[in-house]
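Participant: For reference, the structure I am asking about is given below.
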Amino acid sequence: EVATETKIRPERPLGIAVIASQQAITASPISAATVALLGLLGGFDVTLFDILKICVPATLIGVMVGAFFSLKVGKELMDDPQYQARIQDGVSTSHVKLNDVENIFKARLSVFLFVLGTILIVLFGSFPQLRPEFDGKPLEMPLLIEMLMLSVAAFILLFTRTKGVKATQGSIFNAGMQAVIAIFGIAWMGDTFIKGNLVELTAAIEGVVTEMPWLFGVALFVMSIFLFSQAATVRAILPLGIALGISPMMLIALFPAVNGYFFIPNYPTVIAAINFDRTGTTRIGKWILNHSFMMPGLVATIVSVGLGLLFVQLFS
């Protein structure tokens, strides 16, 4: 809306905004992908802080570089033929007023509780001595993350007096449950396939990956295109990287490569961004792959992985 009103081509901020939301998954301490990565690397004494200190700056700078490259994408809005055609056809391009939040206090309280849960997760992940111990061992972070975020969800429902049934009727809950089912199903399938063919797969690519470990990032990127989930890609493919002997820090550096599902423009966030743009500048191209998210997505992902590899050398 701001871009349209200021006569800036909306494709530029919308394209990188979708990519930023994907890159943020691999920089989030509570995302399913990060939890999956932490669980798989737990046996190597890898902490949550080890992941965040690499992925947060790498993905943030990657998104910033992608945004910089997006500044000159396409023609200026007033020169865009599709936008001019919409104006001539009488298609509304005026500002859409958004409804105010019905209860701002409850909304702010919900956000505060969510942020508080995130801060606690970062603290527990960064300082293992703060975690409760069982049989002399600190509680594993994946379990602690699940416990904390489920507790936060319960507190939000209690303190805002929101009915649980009403919460389950929202579009976000439905999308989340569909993602859970998809992730479990895909992860199970991938895990079964890799474990059943681990010897053959390892023998086939061990030499190449040993000489050039960064090529495993290409495999993560390609698989994420088809799996449409960072978490499912991590659960399905990362065990192969561990079996090939790739170092845990190298796998963390390659972690942002799982953000490849923008490549084929059929993911819900991509479609939503296209529908948001009433000017018609955010679009899927004639050749399908030449869409508004390809350039910022490739730039952000390549820069994030490249910086991750650099940071691993600096911080290790």
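Participant: Roughly how big is the chain's charge dipole about its Cα centre, with Cβ charges of +1 (Lys, Arg) and -1 (Asp, Glu), in debye to the nearest 20? Mind dumping the intermediate values first?
Facilitator: Numbers: 20 positive and 20 negative charges, 165 e Å.
Charge dipole of the chain: 800 debye, to the nearest 20.
Participant: Excluding same-chain pairs closer than 8 in sequence, count the lysine pairs in the chain whose Cα atoms lie under 22 Å apart. Don't skip to the end; give the middle numbers.
Facilitator: On the way: Lys7/Lys72; Lys7/Lys75; Lys7/Lys97; Lys72/Lys286; Lys75/Lys286; Lys97/Lys106; Lys106/Lys163; Lys106/Lys166.
Close lysine pairs found across the chain: 8.
Participant: While we're on this one: For the chain, just say rounded, prolate or oblate: build the C-alpha gyration tensor, square-root its eigenvalues into a ≥ b ≥ c, call rounded for a/c under 1.5, and beyond that prolate if a/b exceeds b/c, oblate if not. Can you show the working numbers first?
Facilitator: Values: a/c = 1.98, a/b = 1.27, b/c = 1.55.
Judged from the Cα gyration tensor, the chain comes out oblate (a/c at least 1.5, b/c at or above a/b).
Participant: Now for a different question. Which is farthest toward the positive dipole end of the chain among Leu40, Ile252, Met177, measuring Cα position about the Cα centre, with Cβ charges +1 (Lys, Arg) and -1 (Asp, Glu)?
Facilitator: The Cα lying farthest towards the positive end belongs to Met177.
Participant: Right, another one. Using the Kyte-Doolittle scale, find the helices of the chain whose mean hydropathy is at least -1.0 and whose Cα atoms extend 20 Å or more along the helix's long axis, counting only whole DSSP H runs. Walk me through the numbers before you get to the answer.
Facilitator: Values: long enough: 48-70 (32 Å, 1.85); 104-126 (33 Å, 2.03); 141-159 (26 Å, 2.37); 171-196 (37 Å, 1.07); 294-315 (31 Å, 1.99).
Taking the DSSP H segments of the chain (at least 20 Å long, mean hydropathy at least -1.0), we get 48-70, 104-126, 141-159, 171-196, 294-315.
Participant: Mind ordering 259-266, 72-79, 9-16 by average Cβ neighbours within 10 Å, highest first? Let's see the in-between values first.
Facilitator: Values: 259-266: 21.1, 72-79: 13.4, 9-16: 24.9.
With the highest mean Cβ count within 10 Å placed first, the list reads 9-16, 259-266, 72-79.
Participant: For the chain, what relative contact order do you get, as a whole percent, if you take Cα pairs closer than 8 Å and at least 6 residues apart?
Facilitator: Numbers: 375 pairs, mean separation 98.8, N = 316.
Relative CO of the chain lands at 31 percent.
Participant: Can you pull the percent of the stretch 233-276's accessible area that's carbon plus sulfur, 1.4 Å probe, other chains left in place?
Facilitator: Details: 940 of 1370 Å².
In the stretch 233-276, the share of accessible area belonging to carbon and sulfur is 69 percent.
Participant: Could you order Phe155, Phe228 by accessible surface area, starting with the largest, using a probe radius of 1.4 Å? Before the final figure, lay out each step's value.
Facilitator: Details: Phe155 95, Phe228 65 Å².
The most accessible residue leads, giving Phe155, Phe228.
Participant: Same structure, new question: Just the number, please: carbon plus sulfur as a percent of the accessible area of the stretch 26-65, 1.4 Å probe, no ligands or DNA/RNA counted. Working shown, then result.
Facilitator: On the way: 1010 of 1400 Å².
The computed percentage sits at 72.
Participant: What whole-number distance in Å separates the alpha-carbon centres of the stretch 43-65 and the stretch 280-313?
Facilitator: With the stretch 43-65 and the stretch 280-313 each reduced to a Cα centre, they are spaced 18 Å.
Participant: If you don't mind, there's one more thing I want to ask. Between Thr269, Thr162, Thr210, find the one with the highest GNM mean-square fluctuation for the chain; connect C-alpha pairs within less than 10 Å.
Facilitator: It is Thr162.
The values are calculated or read from the model by the stated rules, or taken from the named source; none is laboratory data. Owing to the predicted nature of the structure, the values given are computational and were not obtained by experimental measurement. All Cβ positions, glycine included, derive from the backbone under ideal geometry; neighbour counts span all protein chains shown. Heavy atoms of the whole protein, side chains included, go into the accessibility calculation; ligands, DNA and RNA do not. Shrake-Rupley method; radii C 1.70, N 1.55, O 1.52, S 1.80 Å.
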